[in-house]
1. Can you tell me which aspartates and glutamates have their Cα less than 14 Å from the Cα of K6? Leave out same-chain residues fewer than eight positions away.
2. Which residue, Q118, Q46, Q60, tops the fluctuation ranking in a GNM of the chain built on C-alpha contacts under 10 Å?
3. Let me have the relative contact order for the chain, percent, based on Cα pairs under 8 Å that are six or more residues apart.
4. GNM on the chain, C-alpha springs below 10 Å: top fluctuator among G16, G32, G119?
5. Non-local amide H neighbours of A110 (under 5 Å, H modeled in plane, Pro and chain starts lacking H): which ones?
6. Under 1.5 on a/c is rounded, so check that first for the chain, then, if it is not, pick prolate when a/b is larger than b/c and oblate when it is not; a ≥ b ≥ c are the square roots of the alpha carbon gyration tensor eigenvalues.
7. Go through the stretch 99-104 residue by residue and turn each phi into a ³J(HN,Hα) via Karplus (6.51, -1.76, 1.60, θ = phi - 60°); whole Hz please, and just put x for glycine and proline.
8. Give me I12, I69 sorted ascending by neighbouring Cβ count inside 10 Å, so fewest comes first.
Amino acid sequence: MKKYLKLSGRVIEGTGKSSIWMPSTFPNLFPGTLNILLESHRPDIQWHTVTCAKHNKWNQYEVKLGNCILNNIPVYAVMPPGFKYVKRYNWLELAHTQKLRDILSLKNDAEVDITFVQGMNKDFINQSIHL
């Protein structure tokens, strides 16, 4: 049985580093992430994909993908290489095959809802969501 946890947050500016390592590591995803500052601590995420970044600068770092839903759109939670997981306890990065800012018309400070889904389905973003 899948478990769901819904949290709110707001869109924030990222560093742009995902556009460097994502194309070679996850070529099927848009080369960049959407950064969210959650209103509370980020929950534990069940990562279904764990690999090393395929980029010279970060090739010794793990990157991870997990499933979640952003404003009713299935997306991947991303743990980028070298992420300061403890320091950024309420920061979340999200990825999709398309640019999330464009498909959801999001700007900085836009409020969003994220539903965390526990499950190991790697094809999650290609499915319809029925909660």
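1. Output for K6: E39, D44, E111, D113.
2. Q60
3. It rounds to 34 percent for the chain.
4. G16
5. It is V11, by chain and number.
6. Because its axes are fairly even, with a/c under 1.5, the chain counts as rounded.
7. Rounded to whole hertz, the list is 6, 4, 4, 6, 5, 10.
8. By the 10 Å Cβ count, ascending: I12, I69.
Bear in mind these aren't lab numbers, they're just calculated from the coordinates by the rules spelled out. Here the structure is a predicted model, which means the values were calculated and not measured. Positions of Cβ are backbone-derived with ideal geometry, glycine not excepted, and every protein chain shown enters the neighbour counts.
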